[in-house]
1. Are any residues in the stretch 134-155 modelled with pLDDT under 85 and surrounded by fewer than 11 Cβ atoms within 10 Å (Cβ to Cβ), and if so, which ones?
2. Quick one: would you say residue 129 is in contact (Cβ under 8 Å) with a residue 60 or more places away in the chain, closer than 30 Å to residue 79 by Cα and more than 18 Å from the chain's Cα centre (by Cα)?
3. One residue is enough: does the stretch 26-44 have a residue meeting the conditions over 15 Å from the mean Cα position of the chain (by Cα) and within 12 Å of residue 217 (Cβ to Cβ)?
4. For residue 143, all conditions in the list (1) in contact with a helix residue (DSSP H, G or I) (Cβ under 8 Å, 6 or more places away or on another chain); (2) assigned to a helix (DSSP H, G or I) hold save one; what is the number of the exception?
5. Among the candidates 114, 128, 55, single out the residue that is in contact with a helix residue (DSSP H, G or I) (Cβ under 8 Å, 6 or more places away or on another chain) and part of a helix (DSSP H, G or I).
6. Could you check, for the stretch 17-33, whether at least one of its residues is farther than 15 Å from residue 189 by Cβ, surrounded by fewer than 24 Cβ atoms within 10 Å (Cβ to Cβ), at pLDDT below 85 and out of contact with any helix residue (DSSP H, G or I) (no Cβ under 7 Å at 6 or more places or on another chain)?
């Protein structure tokens, strides 16, 4: 029963993966990361449900501000509506499985065990998705040595290892704090997109205003939370 529960969370991870990379395909890196940065505020609402704590008033305020910022991006970047919706879905599913992982870690389930079976559940879910949507091609099985290296780096160094480290970190800090820290990915991701893909040339002023609002509320939320907790 325990393994089934962990693998079920792995299916949520599958939805996150598909939504995240589909969002990039439907829009671009900057838009996807801007929407993904709302994940910590989703967590601010989801975490109290599972950890049985009250929702704080300033979390509601910041949540409303982020919704306004997303609407600004959504209205301005009309060509990226599908990507924005997928980016928000990626943020939501990331928040859900992050909180559920925090609950399982608090219950004493081994972190390596959680990571292993969630990756297994994610693999099964992704396989089912590929088969059902009919995008599988036999050419996928023909992999060059160079691509094997890229896949191993991406699968182990960029996915599995950070996922496992994240499980162990949840023993010490809350899912919300982990989610808040992950928003650094939004900052350096957009910076990389700026220099590598020149995506700033495709963005309007409204996009940057919306992104700035999202990032500001996230970091002010963290500072305010720490300040009030210290009091």
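1. Residues of the stretch 134-155 that are modelled with pLDDT under 85, as a first pass: 134-143, 154-155.
Within the stretch 134-155, 134, 135, 137, 138, 139, 140, 141, 142 qualify.
2. Values: in contact (Cβ under 8 Å) with a residue 60 or more places away in the chain: yes; closer than 30 Å to residue 79 by Cα: yes; more than 18 Å from the chain's Cα centre (by Cα): yes.
For residue 129, the condition - in contact (Cβ under 8 Å) with a residue 60 or more places away in the chain, closer than 30 Å to residue 79 by Cα and more than 18 Å from the chain's Cα centre (by Cα) - is met.
3. Applying the first criterion (over 15 Å from the mean Cα position of the chain (by Cα)) to the stretch 26-44 yields 26-28.
Now narrow it down to the ones that are within 12 Å of residue 217 (Cβ to Cβ): none.
No: the stretch 26-44 contains no residue that is over 15 Å from the mean Cα position of the chain (by Cα) and within 12 Å of residue 217 (Cβ to Cβ).
4. The one condition residue 143 does not meet is (2).
5. 114
6. Within the stretch 17-33, not a single residue is farther than 15 Å from residue 189 by Cβ, surrounded by fewer than 24 Cβ atoms within 10 Å (Cβ to Cβ), at pLDDT below 85 and out of contact with any helix residue (DSSP H, G or I) (no Cβ under 7 Å at 6 or more places or on another chain).
The values are calculated or read from the model by the stated rules, or taken from the named source; none is laboratory data. This is a predicted model, so every value here is computed, not measured. Neighbour counts run over all protein chains shown; Cβ positions are idealised from the backbone, glycine included.
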